[in-house]
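Novice: Please find one structure pasted underneath; my questions will follow.
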């Protein structure tokens, strides 16, 4: 099942909704990120007159590459998910559609379903870190020998000291 909100089946008032989609259905094509399990969205849907409001969150299990040590790691991405659908007369739809924003959609009256997979995809990309880390304390790789400093120590930094800094090191050693 994709992320399809069945507007016609919603009761007037608040209802709890849950959606599940396989990684292939979401079709996220983003370098360095792979969705590795079902993506879930859940929340409260409020329907009143000509508006439908979804307030909830989504969870997506992903595999990413650490920007410091280049190791792959897995994490559950979570993000708030809010969007508003406003049902408008067919004659006004074309004009109002241009005014829609990332969280506010205008849809023609009588619309039976709303597919919000694109909204989930955008929110997932926004939830990604610019420089993902496998863990906050990641030490990265040695720029000289390339060893992963999380797994093993190296002596590269001890061996190579620019001669211009030796007087400063001597000062530090004396204090």
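Novice: Give the residue that is surrounded by the fewest Cβ atoms within 10 Å (Cβ to Cβ), with candidates limited to residues of region 26-50 that are at pLDDT below 90 and touching a helix residue (DSSP H, G or I) at 6+ places or on another chain (Cβ under 7 Å).
Specialist: Residue satisfying both the conditions and the ranking: 30.
Novice: Please state which of the following conditions residue 111 fails to meet, knowing it meets all the rest: (1) farther than 22 Å from residue 15 by Cα; (2) part of a loop (DSSP other than H, G, I, E, B); (3) in contact with a strand residue (DSSP E or B) (Cβ under 8 Å, 6 or more places away or on another chain).
Specialist: All conditions are met except number (1).
Novice: Out of all the residues in region 63-76, is one or more touching a helix residue (DSSP H, G or I) at 6+ places or on another chain (Cβ under 9 Å) and surrounded by 18 or more Cβ atoms within 10 Å (Cβ to Cβ)?
Specialist: No; the residues of region 63-76 include none that is touching a helix residue (DSSP H, G or I) at 6+ places or on another chain (Cβ under 9 Å) and surrounded by 18 or more Cβ atoms within 10 Å (Cβ to Cβ).
Novice: Please specify each residue of region 104-123 satisfying the condition of being farther than 16 Å from residue 55 by Cα, at pLDDT 90 or above and out of contact with any helix residue (DSSP H, G or I) (no Cβ under 6 Å at 6 or more places or on another chain).
Specialist: Matches in region 104-123: 113 only.
Novice: For region 1-54: of the residues being part of a helix (DSSP H, G or I) and touching a residue at least 60 places away in the same chain (Cβ under 8 Å), which is nearest to residue 125 (Cα to Cα)?
Specialist: Filtering first and then ranking leaves 26.
Novice: Sticking with this structure for a sec: Looking at region 86-102, which of the residues that are at pLDDT 75 or above and surrounded by fewer than 13 Cβ atoms within 10 Å (Cβ to Cβ) is farthest from residue 46 (Cα to Cα)?
Specialist: Of everything passing the filter in region 86-102, 91 is farthest from residue 46 (Cα to Cα).
Novice: Evaluate the following for residue 68: is it closer than 30 Å to residue 130 by Cβ, at pLDDT 85 or above, assigned by TED's automatic domain parsing to the domain that holds residue 16 and in a strand (DSSP E or B)?
Specialist: Criteria not met by residue 68.
The values are calculated or read from the model by the stated rules, or taken from the named source; none is laboratory data. Keep in mind that this is a model prediction, so the values were computed, not measured. All Cβ positions, even for glycine, are placed from backbone atoms using ideal geometry, and neighbour counts span all protein chains on display.
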